[in-house]
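Working notes, structure below.
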Amino acid sequence: MVVKRKRDTSVVSRSKKAEESSPPPADNAQDIFRKYFEAQFEPIEAAPVKASEVSESEEDDEDYNSEDLDGESDSEEGWDGLSEEEEDDDEPKVEVVEHKDASADGDELMQKQARKAFLNGTPSLDVLAKSTSKPNSEKDKEEDAADADNLKHDLALQRLLKESHLLDSADDLAPTGKNRLKALDLRMQELGAKTSLYKQKMPDAHRRGINAKAASKDEKRRREAKENGIVLERPSKVSKSNNGHRERGVGGSSIGKFSGGTLNLSKQDLFSMKSTPSRSGRGGRGGRSGRGGRGGRGGKGSRGGR
Amino acid sequence: MATQQPPLRFTSHHNLLHRLVLSTLTGRTVHISQIRASSPTNPGLAPHEISFLRLIEAVTNGSQMEISYTGTILVYKPGLITGSSTTSGASGTGNSASGGFIRQELPSNCTRGLSYYLIPLCLLAPFAKAPMKVLFTGPGVITSSTPTGDMSVDSVRTAILPLFNQFGMFNNVELRILRRSNPGPNGRGGGGEVQFVFGHQIRLPKTLHLMNPGRIKRIRGVAYSVGVSGSNNARMIETARGILNPMSPDTYIFSDVASAPLLPAPDKNNPNAKKKIGLGFGLSLVAESSTGCLFSADVASPPSGGEPPEDIGKKCAFQLLETVSKGGCVAPAAASTMLTLMTMGSEDVGRLQIGRDVIADPNIIQLARDLAKFGAPGWGIRDAAGENENGDVIVSVVGRGIGNVGRKVA
């Protein structure tokens, strides 16, 4: 199959030009058809001027010569130049029709893979699905890079969303100073740090002092607001910190509250008693396990049976 | 069970293989008489039928066969289908297990294509005790389609084996063509080599309800040329595509060029002499519909030669179109396989839409009669519902629910 891809464009344009200048007998028949068509429907608007322009520009541009590598085409180019001059003579031109097999134009690699997939022993017709799913190596690299980029952006966005309350001036995504430390603290906690960076170990007297100071500050703020008739938010309820530790003396009950010579059971206590067998089988006070010493006064933690 | 019941009596060599398969699957003894009794020159069992008996002997355990002197009477008492677990190897010539494969040699006077053996073997394989692994080799293996009407091994792989998927068998099913061969001179012999692996054994095939033929989605094919120029492939493909492409744009035909197989042909001067055999070319086409129905066509060059590849390509394309035009969900070549598997299924009614021409085939009618004789309930046949321009019928087949005897024991 001799490939003459550069020629056919110019050849087509030539035929168009010839059409313009003096219609050959073949055009008469076309004219008849055209008239008939126009009688039936709307007239066809022809744009021959534009076509000629295109052909001119195509012929002018010379750089396609450099694309042709085979020597055969070089001689053809020279010939092209000659025929360009003769163009005005309305000489009948040879139209080059290239017939290309549709099966031959697929890329060879895919064909090979498909062939391999089809001609192996398995009874299946799915060859193209498999072959197309195999990515090209270059493409793979590009996709990997894009994936990494996307992941980076994703992470930045997540962090921004989580730490946005730290950013007073939301102009920089990488916080500095105090904000940076706070953000760092948040991230560490997210990753599983046990305690915050800001939870420091200090003497109890200091902590009490800090708490007392904070409480007095708040109290002062509220008092002043009240005096000035400003409605403030409700004070956050400070829960009684019993931390789940039950207060009992020696020989106290493991459940309920013993006061005034009576054991008072709350609803929760009742519920926990009822659900004990199913939930915490062999937890409780050691009982069956025979290690009574351990189960003992564990409070909530040991009763949970976890 | 088989010992108590009297043998089922059949006559003539028609459907012999299928009767043997049914006998093996149901465990009934068969007595087949008048095998080519009227032929003065070649009475009795033909070489390819004997080869099949050898194959059955290799893949089963405990089968007994008795052949009369003239070969016109065969009594077959089936055993268990064991697959390739037999380490002892089969007796007789050329059968031995090696590497888990049962090695089956076909004699050089074989005129049938390998699909003649493969399709019945495919029916036995699902009910075997162990995975069925058979290596076909020897001077009689013809992988292409033959003038005797057998399809090519490629078509078995692409048009018959995928059907087992619909019955729930899909794992480890392989059919590898190690060496290709067309029929040799006068259509006798070849030199091919084919590996058949069927590793998905089941108790009972699934009940099948296939009543929507769909529309042809894609066409695949293999053009093969053995020992002749590969340009024959290109010419066949070109012509076939010229016909098929306007109808189905998703058409791919692959080309496989193989050298001719060499067979030892010792003579007086040179005991190591070899000769080429099985030259030729051919085309196998498979069309798949949107619902997974498969239609295949096969044409190969005749052993006498003299047919241009363009004609082969054209014939094959037209044959494919004819097969598709017969309608239904199953091609004529696969109908008996499908119906037999449905009969072997669980005790439930399976339905299958079949073209009128396909079921009117004498072989299918004979199959129905044979099945009835083996104790299977009759088929229910009614016209297909919906827009049914081809006049397709729906065949209702009740399974026997016996299934895999070897599997039950294991």
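The values are calculated or read from the model by the stated rules, or taken from the named source; none is laboratory data. Please read these numbers as outputs of a predicted model, since none were measured by experiment. Cβ sites come from the backbone with ideal geometry, for glycine too, and all protein chains shown count toward neighbours.
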**OP:** Pairs only if they're at least six apart or on different chains, beta carbon under 6 angstrom, first in the stretch B:282-304 and within 14 Å of chain A (Cβ to nearest Cβ) and touching a residue at least 60 places away in the same chain (Cβ under 8 Å), second buried (at least 24 other Cβ atoms within 10 Å of the Cβ) and of a type in the set (Asp, Glu); list them, first residue then second.
**Re:** B:284/B:154; B:284/B:298
**OP:** State yes or no: is residue B:228 among the β-branched types (Val, Ile, Thr), surrounded by fewer than 23 Cβ atoms within 10 Å (Cβ to Cβ) and under 12 Å from residue B:309 (Cβ atoms)?
**Re:** yes
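Tell me, yes or no, whether the stretch B:204-212 has at least one residue that is surrounded by 19 or more Cβ atoms within 10 Å (Cβ to Cβ), in contact with a helix residue (DSSP H, G or I) (Cβ under 6 Å, 6 or more places away or on another chain) and not assigned by TED's automatic domain parsing to the domain that holds residue B:128. It would help to see each step written out before you state the result.
First, pick out the residues of the stretch B:204-212 that are surrounded by 19 or more Cβ atoms within 10 Å (Cβ to Cβ): B:204-205, B:208, B:210.
Filter once more, so that each one left must be in contact with a helix residue (DSSP H, G or I) (Cβ under 6 Å, 6 or more places away or on another chain): B:205, B:208.
From the residues that got through so far, the ones that are not assigned by TED's automatic domain parsing to the domain that holds residue B:128 too are B:205, B:208.
Within the stretch B:204-212, one or more residues are surrounded by 19 or more Cβ atoms within 10 Å (Cβ to Cβ), in contact with a helix residue (DSSP H, G or I) (Cβ under 6 Å, 6 or more places away or on another chain) and not assigned by TED's automatic domain parsing to the domain that holds residue B:128.
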Original post:
Of the residues in the stretch B:250-281, how many are free of Cβ contacts under 8 Å to residues at least 12 places away in the same chain and of a type in the set (A, V, I, L, M, F, W, C)?
Top reply: 2
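Residue under question is residue B:188, and the condition is that it be closer than 30 Å to residue B:395 by Cβ and modelled with pLDDT under 95; does it hold? Before you say what the answer is, go through the steps one by one.
Values: closer than 30 Å to residue B:395 by Cβ: no; modelled with pLDDT under 95: yes.
Criteria not met by residue B:188.
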Subject >> Count of residues meeting criterion [over 17 Å from the mean Cα position of the chain (by Cα) and farther than 17 Å from residue B:299 by Cα] in the stretch B:170-184 >> reply: 5
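State the number of residues belonging to the stretch B:168-179 that are within 13 Å of chain A (Cβ to nearest Cβ) and surrounded by 16 or more Cβ atoms within 10 Å (Cβ to Cβ).
Total meeting the criteria: 6.
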**OP:** Report the residue count in the stretch B:296-312 for those that are polar (S, T, N, Q) and in contact with a Ser or Thr (Cβ under 8 Å, 6 or more places away or on another chain).
**Re:** 1
Original post:
How about the stretch B:236-295: which of its residues are touching an Asp or Glu at 6+ places or on another chain (Cβ under 8 Å), assigned to a helix (DSSP H, G or I) and surrounded by fewer than 21 Cβ atoms within 10 Å (Cβ to Cβ)?
Top reply: B:238
Original post:
How about the stretch B:222-249: which of its residues are within 14 Å of chain A (Cβ to nearest Cβ), within 17 Å of residue B:143 (Cβ to Cβ) and hydrophobic (A, V, I, L, M, F, W, C)?
Top reply: B:222, B:223, B:236
Original post:
Where in the stretch B:19-81 are there strands (runs of 3 or more DSSP E), lying fully within it, with 2 or more residues that are surrounded by 18 or more Cβ atoms within 10 Å (Cβ to Cβ), of a type outside the set (Val, Ile, Thr) and touching a Leu at 6+ places or on another chain (Cβ under 8 Å)?
Top reply: B:74-77
Original post:
Only one of these conditions is not met by residue B:312: (1) assigned to a helix (DSSP H, G or I); (2) in contact with a Lys or Arg (Cβ under 9 Å, 6 or more places away or on another chain); (3) surrounded by fewer than 22 Cβ atoms within 10 Å (Cβ to Cβ). Which number is it?
Top reply: (3)
Original post:
Looking at (1) within 20 Å of residue A:118 (Cβ to Cβ); (2) away from every other protein chain (no Cβ under 14 Å); (3) polar (S, T, N, Q); (4) under 18 Å from the mean Cα position of the chain (by Cα), which is the only condition residue B:146 fails?
Top reply: (1)
Original post:
If you check every pair at least six apart or on different chains, which have Cβ atoms under 8 Å apart with a residue in the stretch B:210-221 that is within 14 Å of chain A (Cβ to nearest Cβ) first and a residue that is crowded, with 16+ Cβ neighbours inside 10 Å and of a type in the set (Asp, Glu) second?
Top reply: B:216/B:288; B:217/B:288; B:218/B:288; B:219/B:288; B:220/B:288
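Residues in the stretch B:347-367 that are of a type outside the set (Lys, Arg) and surrounded by fewer than 20 Cβ atoms within 10 Å (Cβ to Cβ): how many?
Residues that pass the stated criteria total 11.
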Original post:
Name the residues in the stretch B:180-209 that are within 14 Å of chain A (Cβ to nearest Cβ) and polar (S, T, N, Q), would you?
Top reply: B:195
Original post:
When residues of the stretch B:177-209 are filtered for being farther than 15 Å from residue B:126 by Cα and basic (Lys, Arg), how many remain?
Top reply: 3
